[in-house]
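K.L.:
First the structure, then my questions, so here it is.
The values are calculated or read from the model by the stated rules, or taken from the named source; none is laboratory data. Because the structure is predicted, anything quoted here is derived from the model rather than measured. Positions of Cβ are generated from backbone atoms using ideal geometry, with glycine treated the same way; all protein chains shown enter the neighbour counts. Keep in mind that these areas ignore ligands, DNA and RNA; they rest on the heavy atoms of the full protein, side chains included. Shrake-Rupley method; radii C 1.70, N 1.55, O 1.52, S 1.80 Å.
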Amino acid sequence: AEALVPRAAGLEGSGRVLAAANGALDFPDKPIERLWHATTLLREHRGDGHVAALVAAGLDGCEALVLRSAVDLSRTELQPHRGWTDQEWDAAARRLTDRALLTPDGTATQTGRELLQTAETATDRAAERPWRPLGPDEVAPLVRLLTPLATACATALRFPNPIGVPNPTA
């Protein structure tokens, strides 16, 4: 917890409503609760940046998932876990097809793949601020401390998963 608190404390909340809302809460005293809060802040900071990147790419939530399902995760892995109806999913697919981001058979076009990659790259860039000040000597201990936690948590997830968490054991 203490290794992550400096990364999470004082995150800039402009344009990041979920990170800002969580950032308005005090850090708990208990170590596990401090760790949970720090990771929540960092996750929501990244998530808010992802939403902004998707908006900048001209994609709504359903369109982003439809396009993602045409690239690397199946519809059955994404749609049920995000709550989109078949009608909403199919309408998003039509909009993406009209924009030449999907082919009529639902395959991502090169333009669609590039747009999705652009949004992912922008997400990574928007999420790097808390990590930017760290040098290799500061990253290595974080990796050493957090890898066992990530590996333990991975036992409760399937891979691939609908939220895009990478498998730390792969």
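K.L.:
Just to check I understand the Karplus step: with θ = phi - 60° and J = 6.51 cos²θ - 1.76 cosθ + 1.60, what whole-Hz values come out for segment 105-119, glycine and proline as x?
P.N.:
Result, rounded to whole Hz: 8, x, 7, 5, 7, 4, 4, x, 4, 5, 4, 4, 5, 4, 5.
K.L.:
Here's another thing I want to ask about it. Kindly rank 88-98, 135-145 from highest to lowest mean number of other beta carbons found within 10 Å of each residue.
P.N.:
88-98, 135-145
K.L.:
On to the next question. How much accessible surface does Asp105 have with a 1.4 Å probe, in Å² rounded to 10?
P.N.:
Result for Asp105: roughly 120 Å² accessible.
K.L.:
Taking only protein heavy atoms and a 1.4 Å probe, what accessible area per residue, in Å², does the chain have with all protein chains in place?
P.N.:
It amounts to 60 Å² per residue over the chain.
K.L.:
Another question, then. Got a number for carbon plus sulfur as a percent of the chain's accessible area, 1.4 Å probe?
P.N.:
That fraction is 59 percent.
K.L.:
Sticking with this one: When Rg and Dmax of the Cα atoms in Å is calculated directly from the model, which label among (1) 15.8, 44; (2) 17.9, 54; (3) 17.2, 52 fits?
P.N.:
Of the listed options (1) 15.8, 44; (2) 17.9, 54; (3) 17.2, 52, (2) comes from this structure.
K.L.:
Assign unit charges at the C-beta atoms only (+1 for Lys and Arg, -1 for Asp and Glu), then state the dipole size of the chain relative to its Cα centre in Debye, rounded to the nearest 20.
P.N.:
Around 160 debye, computed over the chain.
K.L.:
Continuing with this model, one more query. Charges on Cβ only, +1 for Lys and Arg, -1 for Asp and Glu, centred on the Cα centroid of the chain; of His45, Gly83, Leu157, which one is farthest towards the dipole's positive end?
P.N.:
Leu157
K.L.:
Within segment 136-152, name every residue whose backbone N is under 20 Å away from a label modeled 7 Å from Cα of Arg43 along the Cβ vector.
P.N.:
Residues 142-152 fall inside that zone.
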